[in-house]
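The values are calculated or read from the model by the stated rules, or taken from the named source; none is laboratory data. Source: prediction; values computed, not measured. As a convention, Cβ positions derive from the backbone with ideal geometry for all residues, glycine included, and neighbour counts pool all protein chains shown.
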Amino acid sequence: MADHDPGPRPTYALRRAALRDLLVENRVDALLVTDLINIRYLTGFTGSNAALLVYAWDTTEDRTVICTDGRYRTQVAEQSPDLRAEINRASARRVVEIAGEWQTGRVGFESHIVTVEQHRAFLAQATGLDLVPVSGLVEQLRMVKDAFEVHQLAAACTAADTALAALLERGGLRPGRTERQVARELEWLMFEHGAEAVAFETIVATGVNSAVPHHRPTGAELATGDFVKIDFGAVVGGYHSDMTRTFVLGHASDWQREIYDLVLRAQRAGREALAPGVATKAVDAASRAVIEEAGYGELFVHGLGHGVGLRIHEAPGIAKTGTGTLLDGVAVTVEPGVYFPGRGGVRIEDTLVVRKGGPELLTHTSKDLTVVD
């Protein structure tokens with residue numbers, strides 16, 4: 001099949017400029033970035049060993065430096081041609097050493113990423129530096145997706161949508177097949193439809209297993225009358241999709257239709273609550289209220305959703321304890337569920353982008369109850 005159209009180009013220099021503004025606000029002279037996903041976001045570099053130094057006042061980026069090892073000499077030149085590259089196996093320690101040579105002053109480090117042992121190693125290299133713990137600065141930027149990122153997310157969602165459609169068309173959901181067989185076939189189909197990786201281990205849960213929110217596929221066989229819950233996602237261009245659909249095999253009972261309709265209404269309420277300026281916990285509350293009013297509040301045992309992007313789980317969290325408000329361009333999931341232990345459960349999930357005129361839906365597989373014959 002044809003290669004995925006990358007669409008708009010990523011704007012790494014603009015992302016680094018936005019980071020510099022945050023560094024000024026946080027009164028640090030530079031930031032040592034060691035999280036590989038954050039480095040990818042800021043530079044485009046995808047190697048497995050790297051460290052990045054970004055200076056607050058360096059608008060010409062003369063001092064922005066990325067360090068990696070010899071395996072990636074060609075790759076870093078191709079993926080980050082606008083940056084100075086250093087080749088050194090001990091990438092992070094070398095970057096700290098460079099900061100010391102340049103008498104940087106206050107150097108922030110990602111305190112939520114750096115281990116105690118790494119911090120000790122940095123201190124040993126940090127001649128004349130004041131190492132300052134900072135947390136979540138790049139992640140704060142990553143919450144709002146630019147046009148390039150939304151394009152990648154949409155492509156990942158399309159890969160998942162088309163794979164699920166192909167699975168159903170092939171008769172992939174039928175009595176006698178195991179959860180593992182269905183999961184592996186769906187993952188293969190995602191690769192066939194443009195995925196470069198799966199976003200996480202695919203969840204296929206049949207019968208009583210569908211009542212386990214994060215069930216891992218087993219040798220359990222699908223049977224007529226079962227709920228079959230499928231939670232899965234694809235990765236395209238480094239960006240993740242996340243979708244859940246719940247099916248019934250053969251014939252849906254009145255109870256199954258009642259619970260499915262309830263979760264569908266709760267999911268719609270959550271989607272419709274998404275808007276810039278709305279508190280994340282208010283979105284959770286809008287969806288949760290539908291389930292609570294039906295008397296099943298105690299069976300909705302997790303948060304409503306989460307951010308999604310270069311990682312499958314990102315900020316913001318959408319839950320009862322969520323903090324902060326949504327911004328235009330934030331990509332999130334909405335995934336209420338009701339789970340009856342020993343009986344079965346339903347979850348319905350979409351990936352969406354928060355927009356001023358209403359959320360932009362990226363996953364398009366029908367949410368109507370599908371009874372698979």
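Kindly indicate whether residue 60 is hydroxyl-bearing (Ser, Thr, Tyr) and under 21 Å from residue 126 (Cβ atoms).
Numbers: hydroxyl-bearing (Ser, Thr, Tyr): yes; under 21 Å from residue 126 (Cβ atoms): no.
For residue 60, the condition - hydroxyl-bearing (Ser, Thr, Tyr) and under 21 Å from residue 126 (Cβ atoms) - is not met.
Run down 90, 159 and say which single residue is free of Cβ contacts under 8 Å to residues at least 40 places away in the same chain and among the aliphatic types (A, V, I, L, M). I'd like the intermediate steps shown before the answer.
Details: 159 fails: free of Cβ contacts under 8 Å to residues at least 40 places away in the same chain.
After ruling out the rest, the residue left standing is 90.
Please go through region 89-122 and pick out each residue that is β-branched (Val, Ile, Thr), under 31 Å from the mean Cα position of the chain (by Cα), surrounded by 15 or more Cβ atoms within 10 Å (Cβ to Cβ) and not in a loop (DSSP other than H, G, I, E, B).
Within region 89-122, 95, 96, 107 qualify.
Restricting to region 272-284, count the residues that are surrounded by 18 or more Cβ atoms within 10 Å (Cβ to Cβ) and either more than 18 Å from residue 301 (Cβ to Cβ) or not acidic (Asp, Glu) (or both).
Within region 272-284, the subset surrounded by 18 or more Cβ atoms within 10 Å (Cβ to Cβ) is 273-274, 280-281, 283-284.
Checking which are either more than 18 Å from residue 301 (Cβ to Cβ) or not acidic (Asp, Glu) (or both) leaves us with 273-274, 280-281, 283.
Counting residues in region 272-284 that are surrounded by 18 or more Cβ atoms within 10 Å (Cβ to Cβ) and either more than 18 Å from residue 301 (Cβ to Cβ) or not acidic (Asp, Glu) (or both) gives 5.
Considering only residues that are of a type in the set (Ser, Thr, Tyr) and closer than 24 Å to residue 151 by Cβ, look in region 326-373 and name the one that is farthest from the chain's Cα centre (by Cα). Give the derivation first.
Of the residues in region 326-373, the ones of a type in the set (Ser, Thr, Tyr) are 333, 339, 351, 363, 365-366, 370.
The next check asks that each one be closer than 24 Å to residue 151 by Cβ; those that pass are 333, 351, 363, 365-366.
Working: 333: 9, 351: 10, 363: 14, 365: 19, 366: 22 Å.
Here the answer is 366.
Every residue, every condition in (1) of a type in the set (A, V, I, L, M, F, W, C); (2) buried (at least 20 other Cβ atoms within 10 Å of the Cβ); (3) in contact with a strand residue (DSSP E or B) (Cβ under 9 Å, 6 or more places away or on another chain); (4) not in a loop (DSSP other than H, G, I, E, B), yes or no:
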residue: 176; (1), (2), (3), (4): no, no, yes, no
residue: 186; (1), (2), (3), (4): yes, yes, yes, yes
residue: 200; (1), (2), (3), (4): yes, no, yes, no
residue: 205; (1), (2), (3), (4): yes, yes, yes, yes
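For region 14-40, how many residues are in contact (Cβ under 8 Å) with a residue 60 or more places away in the chain, of a type outside the set (A, V, I, L, M, F, W, C) and touching a strand residue (DSSP E or B) at 6+ places or on another chain (Cβ under 9 Å)?
6
Just give me the residues in region 236-271 being in a helix (DSSP H, G or I) and either of a type in the set (S, T, N, Q) or buried (at least 22 other Cβ atoms within 10 Å of the Cβ) (or both), in sequence order. It would help to see each step written out before you state the result.
Going through region 236-271, the residues in a helix (DSSP H, G or I) turn out to be 254-271.
Hits for region 236-271 are 256, 259, 260, 263, 266, 267, 270.
Looking only at residues in region 285-298 that are of a type in the set (Gly, Ala, Ser) and surrounded by fewer than 21 Cβ atoms within 10 Å (Cβ to Cβ), which one is nearest to residue 338 (Cα to Cα)?
297
State which residue is nearest to residue 205 (Cα to Cα) when the search covers only region 226-264 and only residues that are of a type in the set (Phe, Trp, Tyr) and out of contact with any helix residue (DSSP H, G or I) (no Cβ under 8 Å at 6 or more places or on another chain).
In the first step, residues of region 226-264 are kept if they are of a type in the set (Phe, Trp, Tyr); the result is 227, 232, 239, 247, 255, 260.
Right, trim to out of contact with any helix residue (DSSP H, G or I) (no Cβ under 8 Å at 6 or more places or on another chain) and you get 247, 255, 260.
On the way: 247: 10, 255: 18, 260: 15 Å.
Among those residues, the one meeting the criterion is 247.
Run down 109, 148, 122 and say which single residue is modelled with pLDDT of 90 or more, hydrophobic (A, V, I, L, M, F, W, C) and under 26 Å from residue 70 (Cβ atoms).
Details: 148 fails: under 26 Å from residue 70 (Cβ atoms); 122 fails: modelled with pLDDT of 90 or more.
Of the residues listed, the single one that is modelled with pLDDT of 90 or more, hydrophobic (A, V, I, L, M, F, W, C) and under 26 Å from residue 70 (Cβ atoms) is 109.
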